[in-house]
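Participant: Input: one structure, supplied below.
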Amino acid sequence: MDMINKYISIDPEIRFGKPCIKQTRISVEDILSWLASGMTYDEISDDYPQITKDHILAALSFASQRESSLRLLTI
């Protein structure tokens, strides 16, 4: 949780309130998409030098916590 609070912010003025890496416009969704497409931590950092491994791990942690609290409603 500390990594999330340290590196992730939600601001309605940035990317329509999507969770982003603090002081950037790079969203958690962007990072997850890059990882899902096969990019490595190093490739992401090479393409976006402001993003570190800790930022990527915070995005993964955020997504994991959000997923664990998701509930499916059945009709």
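Participant: Defining a contact as two alpha carbons under 8 Å apart and six or more residues distant in sequence, what relative contact order in percent does the stretch 1-70 show?
Facilitator: 32 percent
Participant: While we're here: Only sites in a loop by DSSP and with at most 10 other Cβ atoms within 10 Å count here; which GluC sites (Glu not before Pro) in the chain make the cut?
Facilitator: Glu13
Participant: For the chain, which trypsin sites (Lys or Arg not before Pro) are in a loop by DSSP, counting at most 12 other Cβ atoms within 10 Å?
Facilitator: Numbers: sites: Lys6, Arg15, Lys22, Arg25, Lys53, Arg66, Arg71; in loops: Lys22, Arg25, Arg71.
Here the trypsin sites (Lys or Arg not before Pro) that fit, given the DSSP loop and packing criteria, are Arg25, Arg71.
Participant: Just add up the charged neighbours of Arg25: K/R +1, D/E -1, any other residue whose Cβ is under 13 Å from the Cβ of Arg25.
Facilitator: Cβ neighbours under 13 Å give a net charge of -1.
Participant: Here's another thing I want to ask about it. Can you spot the aspartates and glutamates whose alpha carbon is less than 12 Å from Lys6's alpha carbon? Ignore those fewer than 8 places along the same chain.
Facilitator: Lys6 reaches Asp54.
Participant: Here is a follow-up. Heavy atoms only, probe 1.4 Å: what % of the accessible area of the chain goes to carbon and sulfur, would you let me know? Kindly include the intermediate steps, with their values, before the conclusion.
Facilitator: Working: 2900 of 5440 Å².
Exposed carbon and sulfur together represent 53 percent of the surface.
Participant: Something else now. Take the Cα atoms of the chain, build their convex hull, and give its volume per residue in Å³.
Facilitator: Numbers: hull volume 7.9 nm³, N = 75.
Considering the Cα atoms of the chain, their hull volume per residue is 106 Å³.
Participant: Per residue, how much accessible area does the chain have with a 1.4 Å probe, in Å²?
Facilitator: I get 73 Å² per residue for the chain.
Participant: Ok, one more. Could you go through the stretch 8-19 in sequence order and give the Karplus-derived ³J(HN,Hα) for each residue, using 6.51 cos²θ - 1.76 cosθ + 1.60 with θ = phi - 60°, rounded to whole Hz, and x for Gly and Pro?
Facilitator: Along the stretch 8-19, the couplings run 10, 9, 10, 10, x, 8, 10, 6, 6, x, 5, x Hz.
Participant: Picking from Phe16, Tyr48, Ser37, whose Cα lies most toward the positive end of the charge dipole for the stretch 1-67 (charges on Cβ: Lys, Arg +1; Asp, Glu -1)?
Facilitator: Phe16
The values are calculated or read from the model by the stated rules, or taken from the named source; none is laboratory data. Values in this document were obtained by computation on a predicted structure and should not be read as measured data. Backbone-built Cβ (ideal geometry, glycine too); neighbour counts: all protein chains shown. Quick note on the areas: whole protein, heavy atoms, side chains included, nothing else; ligands and nucleic acids left out. Shrake-Rupley method; radii C 1.70, N 1.55, O 1.52, S 1.80 Å.
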